[in-house]
1. Per DSSP helix of 4 or more residues, -39500 (n - 2.57); summed, then divided by the residues of the chain. What does that give at 222 nm, rounded to the nearest 500?
2. If we count other beta carbons within 10 Å of each Cβ, what is the order of His88, His70, fewest first?
3. Chymotrypsin sites (Phe, Trp or Tyr not before Pro), restricted to segment 68-167: which are DSSP loop and have at most 14 other Cβ atoms within 10 Å?
4. Can you give me the distance in nm between label points at Arg160 and Gln49, each placed 7 Å from the Cα along the Cα-to-Cβ direction?
5. At 25 °C and 0.890 mPa s, what whole-number value in µm²/s does Stokes-Einstein give for the translational diffusion of segment 3-165, with Rh from the Kirkwood sum over Cα pairs?
6. Please report the net charge: other residues with Cβ closer than 11 Å to the Cβ of Glu75, K and R +1, D and E -1.
7. Rounded to the nearest 10 degrees, what's the angle between the helix 3-26 long axis and the longest principal axis of the chain, both from Cα atoms, 0 to 90?
8. On a C-alpha basis, how far is the centre of segment 3-65 from the centre of segment 100-167 in Å? Whole number, if you could?
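Here, each number is a calculation from the coordinates, and none is a lab measurement. This structure is a prediction, so every number in the text was calculated from the model and none was measured. Quick reminder, even Gly has a Cβ in these numbers, built from the backbone with ideal geometry, and neighbours come from all protein chains shown.
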Amino acid sequence: MSPEERAAGMLRVAEALKPCGEYAAARDVVLAVEPLNRFETSFINTTEQGLELVDAVASPGVGLCLDTFHMNIEEKDPAGAILDAAPHLAHVQLCGSDRGAPGSDHIDWPSIRDALIAARYGGPLCIESFTSENRTIARAAAIWRPLAPSQDRLATDGLRFLRGLFA
């Protein structure tokens, strides 16, 4: 995608999101744009690009969702990206580098925690994972093997790790 095509796309999406953001803000809801890794899209991959869209919409009803799985691929400094997003951070997904449980991977979790605290983020922290048992979702999310012995185990192990991390 050329810089001109990207700019035109950004303008189109921002214009389309403006009324949605107004509607959401009037109801105390924030729509959260999530940058996805380059293997899933070529449009918004980084926090900086997500902030570009959020700034173009300029509505309190549109913010940013950051996902450590995607950040692990796209951000040179995930903790710095969290700090950059702080004023617009609406939702955070804490997932392992392989989309599995946080803590069973190579992400620098203490720096993620410290950045969220420094950003004064008080919203939800969620584990977003997928199962290889649902073939449609597995294909879309490129899940070719089980990420844990069971989905319950992924959730309980991830929650145990996060509770200890944020204790």
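1. Mean residue ellipticity at 222 nm (helix-derived): -15000 deg cm²/dmol.
2. If I rank by nearby Cβ atoms, fewest first, I get His88, His70.
3. For chymotrypsin sites (Phe, Trp or Tyr not before Pro) across segment 68-167 that sit outside H, G, I, E and B with at most 14 neighbouring Cβ atoms in 10 Å, the list reads Trp144, Phe166.
4. 3.7 nm
5. For the chosen part, D equals 148 µm²/s.
6. That sum, taken over residues with Cβ under 11 Å, equals -4.
7. Helix 3-26 sits roughly 80 degrees off the main axis of the chain.
8. A separation of 24 Å, based on Cα centres.
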